[in-house]
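Engineer: Below you will find the structure I want to go over with you.
The values are calculated or read from the model by the stated rules, or taken from the named source; none is laboratory data. Quick caveat: nothing in here was measured; it's all calculated off a predicted structure. Using ideal geometry, Cβ is built from the backbone for each residue, glycine included, and neighbour counts are taken over all protein chains shown. Quick note on the areas: whole protein, heavy atoms, side chains included, nothing else; ligands and nucleic acids left out. Shrake-Rupley method; radii C 1.70, N 1.55, O 1.52, S 1.80 Å.
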Amino acid sequence: MPEADPADEDPEVEQVVLLSDDGQAIGVADKAEVHTAATPLHQAFSCFISDADGRVLLTRRALGKKTWPGVWTNALCGHPAPGEPIAAAVHRRAAEELGCRLEDLDTVLPAFRYQATDASGVVENEICPVFTARLAGDLAPLPEEVAEHAWVEPTALDVAVAAVPFMFSPWMREEWQLLRAAQQG
């Protein structure tokens, strides 16, 4: 069978980078087909965005999302395209998903990794560096991605995550606790 010519690939088909257990890239797969009950380990990222007042942006995932629809989470998550630097992917997704620009992007949990299964049985299995950034300008979230959003004081988020953990995505809960421990440590 002849190899596929990358020029023939549909630019609208989003791909994710598949990873070995030690985090090395071993291939690519279509994002729409990779998230199943047996999701392979792949590259992702997660970003917490704050405003000039130090509040944290939370987003509620759109109800049409394949995984964790309607769940509150951090500002944005996504997957770098094959060959795309992760920081560039964070900026790209901020523009696409939230209609915003970021400044002061910083990697805060470079080796974060998690696996979680949502109520539908779809598994997330990601090496997911966590970033922080500040909002530069306004927000214009895409309704297909974000059902609603809110700015929250960090101490209020601490209380909410502890009191009602099921309201938040599993990755966000774990990332937030690690991030806060690092900030207070």
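Engineer: Residues that are over 19 Å from Val130 (Cα atoms) and among the acidic types (Asp, Glu), at least 1 per element: which strands (runs of 3 or more DSSP E) completely within segment 20-99 meet that?
Structural biologist: On the way: elements: 25-30, 45-50, 56-61, 72-74, 76-78.
Result: 25-30.
Engineer: State all residues of segment 127-168 that are more than 19 Å from Ala52 (Cα to Cα), in a strand (DSSP E or B) and open to solvent by less than 70 Å² (accessible area, probe 1.4 Å); if no residue qualifies, say none.
Structural biologist: Ile127, Val130, Val146, Ala147, Phe168
Engineer: Whether any residue in segment 86-96 is closer than 25 Å to Ala38 by Cα and out of contact with any His (no Cβ under 9 Å at 6 or more places or on another chain) is what I want to check.
Structural biologist: yes
Engineer: Which residues, taken from segment 112-122, are of a type in the set (A, V, I, L, M) and modelled with pLDDT under 95?
Structural biologist: The initial filter retains those residues of segment 112-122 that are of a type in the set (A, V, I, L, M), namely 116, 119, 122.
Within segment 112-122, Ala119, Val122 qualify.
Engineer: Taking segment 89-125 as the region of interest, how many residues are surrounded by fewer than 16 Cβ atoms within 10 Å (Cβ to Cβ), over 23 Å from Asp51 (Cβ atoms) and among the small types (Gly, Ala, Ser)?
Structural biologist: The number of residues fulfilling the criteria is 4.
Engineer: While we're on this one: Out of all the residues in segment 48-67, which are open to solvent by less than 40 Å² (accessible area, probe 1.4 Å), aliphatic (A, V, I, L, M) and either closer than 21 Å to Lys31 by Cα or in contact with a Lys or Arg (Cβ under 9 Å, 6 or more places away or on another chain) (or both)?
Structural biologist: Scanning segment 48-67 gives Ile49, Ala62.
Engineer: Kindly indicate the residue of segment 68-88 that is of a type in the set (Val, Ile, Thr) and within 12 Å of the chain's Cα centre (by Cα) and also surrounded by the fewest Cβ atoms within 10 Å (Cβ to Cβ) among those meeting that condition.
Structural biologist: Here the answer is Ile86.
Engineer: Where residues in segment 118-153 are of a type in the set (Gly, Ala, Ser) and closer than 18 Å to Val90 by Cβ, which of them is farthest from the chain's Cα centre (by Cα)?
Structural biologist: For segment 118-153, the residue satisfying everything is Gly137.
Engineer: Okay, next question. When you look at Leu41, is it in contact (Cβ under 8 Å) with a residue 60 or more places away in the chain, open to solvent by 30 Å² or more (accessible area, probe 1.4 Å) and out of contact with any Phe, Trp or Tyr (no Cβ under 6 Å at 6 or more places or on another chain), yes or no?
Structural biologist: No; evaluated as a whole, the condition is false for this residue.
Engineer: Out of the residues in segment 169-185 that are open to solvent by 50 Å² or more (accessible area, probe 1.4 Å) and of a type in the set (Gly, Ala, Ser), state the one that is modelled with the lowest pLDDT.
Structural biologist: Out of the qualifying residues, it is Gly185.
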